[in-house]
Amino acid sequence: MANQLEVKLEERRQQVNNEVLAAIEFELVGAVAHAGGVLSGFSVKFGDSDVLMTLRAHLGGSNKVAFVGCPDLASCLRKAVGEAYSDGLAWREDKYARD
């Protein structure tokens, strides 16, 4: 029984690792494109107990930003992809963008 649990946990870890790698390599770009934008970059800020990711994209003829917060970087990457595909990101004008 304990061995089965260990196998399930390892399978779950591998799935998360695959999703993170996919997000970095192509999913994040595709998800933002699905939302109608072109990803121009992202930044990550590590807090004491959380991570804040700022996505930057050219969307609707102007530069926009969206924010994703999670307890860790892997969760942020995975959440950003999911939110972008489901149109759940709240895009705002990027006040600091350079044209």
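The values are calculated or read from the model by the stated rules, or taken from the named source; none is laboratory data. Computed from a prediction, not measured in an experiment: that's the story for all the values here. As a convention, Cβ positions derive from the backbone with ideal geometry for all residues, glycine included, and neighbour counts pool all protein chains shown.
Need pairs with beta-carbon distance below 9 Å; first residue without any contact (Cβ under 8 Å) to a residue 40 or more places away in the chain and more than 19 Å from residue 95 (Cβ to Cβ) and within the range 43-71, second outside any strand (DSSP E or B) and of a type in the set (D, E, K, R); sequence gap 6+ or separate chains. Final answer for the pair search is 50/72; 51/72; 69/50; 69/79; 70/50; 70/78; 70/79; 71/50. From 89, 55, 21, 28, grab the single residue that is under 18 Å from the mean Cα position of the chain (by Cα), assigned to a strand (DSSP E or B) and on the phi < 0 side of the Ramachandran plot. Sole residue among the options that is under 18 Å from the mean Cα position of the chain (by Cα), assigned to a strand (DSSP E or B) and on the phi < 0 side of the Ramachandran plot: 55. For the range 63-77, the criterion of being surrounded by fewer than 11 Cβ atoms within 10 Å (Cβ to Cβ) and either of a type in the set (A, V, I, L, M) or touching a Leu at 6+ places or on another chain (Cβ under 8 Å) (or both) is met by none of the residues.
Applying the criterion of being of a type in the set (A, V, I, L, M, F, W, C) and not in a strand (DSSP E or B) to the residues of the range 31-52, the residue that is surrounded by the fewest Cβ atoms within 10 Å (Cβ to Cβ) is 33. Determine which member of the set 56, 98 is modelled with pLDDT under 95 and either in contact with a Gly (Cβ under 9 Å, 6 or more places away or on another chain) or farther than 27 Å from residue 13 by Cβ (or both). Sole residue among the options that is modelled with pLDDT under 95 and either in contact with a Gly (Cβ under 9 Å, 6 or more places away or on another chain) or farther than 27 Å from residue 13 by Cβ (or both): 98.
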